[in-house]
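What follows is a single structure, written as structure tokens, with notes after it.
Just so it is clear, none of the values below were taken in a lab; they were calculated from the coordinates. Since this is a predicted model, take the numbers as computed values, not measurements. All Cβ positions, even for glycine, are placed from backbone atoms using ideal geometry, and neighbour counts span all protein chains on display.
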């Protein structure tokens with residue numbers, strides 16, 4: 001039978017499929033390599049442009065004559081940041097580089113440092129002063145980043161509300177759009193420059209760039225093919241030079257008309273870097289300069305946290321903020337030895353790499369290589385990039401962030417959140433970028449306070465008649481607690497308590513006092529186990545609550561405080577020592593139950609004089625109880641003795657005759673958790689005995705006690721000799737287990753209501 005007849009693929013067809021798979025993978029890798037190469041070159045060109053522009057911002061005013069010499073500082077820093085970020089960042093496609101905000105403040109800083117120099121200071125000494133000041137600022141920023149990352153403080157950015165992040169992205173998008181016009185036409189996008197922008201020469205540069213940006217934006221929305229964006233960019237460059245050729249315009253003439261990025265210096269910039277200048281600078285930073293350096297560090301900390309979080313939002317990738325802080329710290333540390341500008345993760349360039357589909361470390365390394373080659377050999381090649389193409393790419397990034405944060409969030413977010421986004425955007429674009437972020441954080445904080453104040457800080461509310469302690473009571477005691485338990489109110493709190501929520505607690509307790517009915521309120525138990533903290537105004541509200549309780553002669557009980565909260569109360573004017581306080585809620589409720597029983601006119605404790613009396617008041621008759629006890633073995637125990645041991649066989653049942661015992665869960669870490677406390681007349685071990693399971697908890701004597709033991713062997717003996725007594729015993733056990741189930745259901749209902 002042939003392989004074709006049996007349905008098996010022939011060797012030739014199998015080989016063809018294998019070759020097809022290999023060819024498909026090779027084609028996929030080749031496409032990814034081309035995309036990475038194009039993305040790296042484009043991003044590298046933009047990074048070089050950024051580095052030179054930010055260096056120009058830093059070396060302005062009286063330092064402007066030093067710009068040509070200082071360009072290497074920006075390129076060295078850009079190459080170091082891009083390379084180290086590419087190798088160490090948590091997201092492989094992250095691009096690192098100098099930042100404009102840092103450059104603007106550094107310009108003021110080096111000017112302040114130079115203000116103490118004599119008027120006839122030489123250019124070399126002036127350059128050394130600027131170099132050393134930049135190096136100190138970069139080093140301090142690097143140290144701060146590394147410390148924040150090492151101590152895991154980067155996650156603080158997680159507390160920034162999402163509307164603030166969306167507003168930050170929208171404002172960043174607008175800045176990129178404005179920057180694209182400045183890059184293409186050397187004009188600021190505002191009403192004052194509108195006539196100049198509408199002139200023919202200016203429009204010939206920026207209009208094609210804006211059109212390209214919109215084409216890239218629409219293409220990125222309509223298709224996810226990774227080759228589209230690189231293809232459009234390469235096609236745009238080819239089209240630009242084709243139009244130049246058809247028009248008879250040479251590249252030199254195009255450059256003279258302002259259509260190309262250049263001119264850039266044609267030689268390298270290695271002479272800019274001289275680490276010995278750090279030691280040659282004779283200027284010690286003044287207090288004012290130091291304060292400005294600290295302000296740079298603070299702004300950069302805020303900037304990197306916003307940028308990294310913005311990258312995470314825009315790329316929908318999970319990013320380790322602490323790792324990225326250390327990554328940028330190392331990058332700035334290397335940059336500081338070259339007097340480098342301060343920088344960190346570039347939001348716009350990282351998003352551009354993501355839109356290209358270059359999600360690998362090679363794209364950052366290629367961008368670093370472009371910066372390094374420019375640093376060593378000059379930037380003549382980059383001078384031939386069309387401004388319209390480069391500006392169009394920047395405009396595309398701006399449009400993407402702008403529309404993504406405004407248009408796409410319109411139907412996704414509540415109206416209040418969207419208003420915050422618009423508020424941040426409006427302030428950032430009209431007043432200032434940092435002012436917009438500050439306004440957004442303030443607005444977010446106000447909305448958080450309003451929203452949080454509406455959350456009920458009281459997680460659960462119980463009455464003592466429905467929520468009991470883990471103490472077994474006699475039937476008479478149960479009746480009293482059922483009748484008078486409503487005189488105890490339990491409030492289980494949650495979350496962080498501040499003035500508004502503390503006032504809720506005060507008003508709630510005051511309302512309980514006014515509507516207790518015929519039974520006067522006796523205890524108010526407040527459980528703090530789930531409280532994460534409270535401020536000073538909340539402590540003051542609790543002081544008022546204590547005063548109200550004393551006035552109404554009601555006992556206020558605190559449970560689950562913990563050392564930190566107890567210290568807050570003890571340091572206040574509350575007179576904390578007079579308030580009964582217990583480790584857990586169970587202990588506090590037990591204390592209230594004991595006081596309720598003592599206050600009752602009919603004390604139930606005198607009725608439980610012996611185990612015989614207890615059995616006789618239940619199912620057994622007195623004669624049956626006496627006959628049953630004669631079968632049981634008597635045992636006595638000292639405080640701390642184990643009556644039953646966790647994990648042992650459940651081959652017997654204990655009847656407590658005298659004393660008090662505790663049922664506890666013994667944990668592996670050596671701690672014990674109280675499950676139940678029991679006195680005379682209670683039964684132990686019946687569940688495991690009936691089911692044949694090992695003991696799930698231990699029973700320990702709290703005080704000298706005695707118990708009667710019923711073994712399986714003895715029970716079989718009773719079954720043979722007194723069948724009627726056996727039936728009464730099983731009826732007694734069924735009633736006891738049913739009562740336990742009813743109590744559990746009652747407690748569960750109180751918790752879940």
(request) May I ask you to work out the translational diffusion coefficient for the chain at 20 °C, viscosity 1.002 mPa s, via Stokes-Einstein with Rh from the Kirkwood sum over Cα pairs, reported in whole µm²/s? (result) 65
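When a/c reaches 1.5 or more, the comparison of a/b and b/c decides; with that in mind, is the range 458-605 rounded, prolate or oblate per its Cα gyration tensor?
Details: a/c = 2.01, a/b = 1.69, b/c = 1.19.
Taking the square roots of the gyration eigenvalues as a ≥ b ≥ c, the range 458-605 is prolate.
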(request) Among 180, 276, 698, 295, rank each residue by its count of other Cβ atoms within 10 Å, from fewest to most, as a rough exposure measure. (result) 276, 295, 698, 180
(message) Order 314-324, 655-665 from most to least packed using the mean count of other Cβ atoms within 10 Å.
(response) 655-665, 314-324
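Suppose R0 equals 45 Å. What FRET efficiency, 1/(1 + (r/R0)^6) with r the Cβ-Cβ distance, do residue 598 and residue 143 give to the nearest 0.05? Please report the intermediate quantities before stating the final value.
On the way: r = 64 Å, r/R0 = 1.43.
Between residue 598 and residue 143 the formula returns 0.10.
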(message) Testing the spin-label approximation: label points 7 Å from Cα along Cα→Cβ at residue 453 and residue 623. State their distance in nm.
(response) 7.4
(request) Treat each spin label as a single point 7 Å out from the Cα along the C-beta direction, and report the residue 317 to residue 28 distance in nm. (result) 1.9
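Roughly what % antiparallel, to the nearest 5, for the DSSP beta bridges in the range 458-605?
Values: 5 of 21 bridges.
Bridges in the range 458-605 that DSSP calls antiparallel: roughly 25 percent.
For residue 276 and residue 243, calculate 0.36 nm times their separation in residues minus their Cα-Cα distance, and state this gained length in nm to one decimal.
Values: separation 33, 0.36 × 33 = 11.88 nm, distance 5.00 nm.
So the extension gain works out to 6.9 nm.
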(request) Report, in degrees rounded to the nearest 10, the 0 to 90 angle that the Cα long axis of helix 67-88 makes with the longest principal axis of the chain. (result) 40
(request) With a/c under 1.5 counting as rounded, go ahead and sort the range 22-448 into rounded, prolate or oblate using the C-alpha gyration tensor (a ≥ b ≥ c being the square roots of the eigenvalues; past the cut-off, prolate if a/b is larger than b/c, else oblate). (result) rounded
(request) Give me the angle, in degrees from 0 to 90, between the Cα long axis of helix 415-430 and the longest principal axis of the Cα atoms of the chain, rounded to the nearest 10. (result) 30
(request) Would you mind checking the tilt of helix 100-114 against the longest principal axis of the Cα atoms of the chain, expressed as 0 to 90 degrees and rounded to 10? (result) 70
(request) Starting from the Cα of residue 537, step 7 Å along the direction of its Cβ; do the same at residue 415; then give the gap between the two resulting points in nm. (result) 2.7
(request) Divide the volume of the convex hull of the Cα atoms of the range 608-752 by its number of residues and quote the answer in cubic angstrom per residue. (result) 123
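For the range 352-455, rounded, prolate or oblate, judged on the Cα gyration tensor with a ≥ b ≥ c (square roots of eigenvalues), a/c < 1.5 rounded, else prolate if a/b > b/c?
It comes out prolate by the Cα gyration axes.
Taking 0.36 nm per residue of separation and subtracting the Cα-Cα distance, what length does fully extending residue 67 through residue 294 add?
79.3 nm
Ordered by packing density, taken as the mean number of other Cβ atoms within 10 Å over each peptide's residues, highest first, how do 457-468, 166-177, 535-546 rank? Please report the intermediate quantities before stating the final value.
Numbers: 457-468: 18.3, 166-177: 25.2, 535-546: 16.8.
My ranking of the peptides, most packed first, is 166-177, 457-468, 535-546.
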(request) Quick one: order 634, 477, 482 by neighbouring beta-carbon count within 10 Å, fewest to most. (result) 634, 482, 477
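Rounded to the nearest 0.05, what FRET efficiency do residue 722 and residue 672 have when you use their Cβ-Cβ distance and R0 = 41 Å? The partial results should precede the final answer.
On the way: r = 39 Å, r/R0 = 0.96.
Rounded to the nearest 0.05, the efficiency is 0.55.
Using 0.36 nm per residue of separation minus the Cα-Cα distance, give me the extension gain between residue 337 and residue 482 in nm, one decimal.
Values: separation 145, 0.36 × 145 = 52.20 nm, distance 7.77 nm.
Going from the current span to full extension adds 44.4 nm.
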(message) For a quick check: sort 206, 410 by the number of other beta carbons within 10 angstrom, fewest at the front.
(response) 410, 206
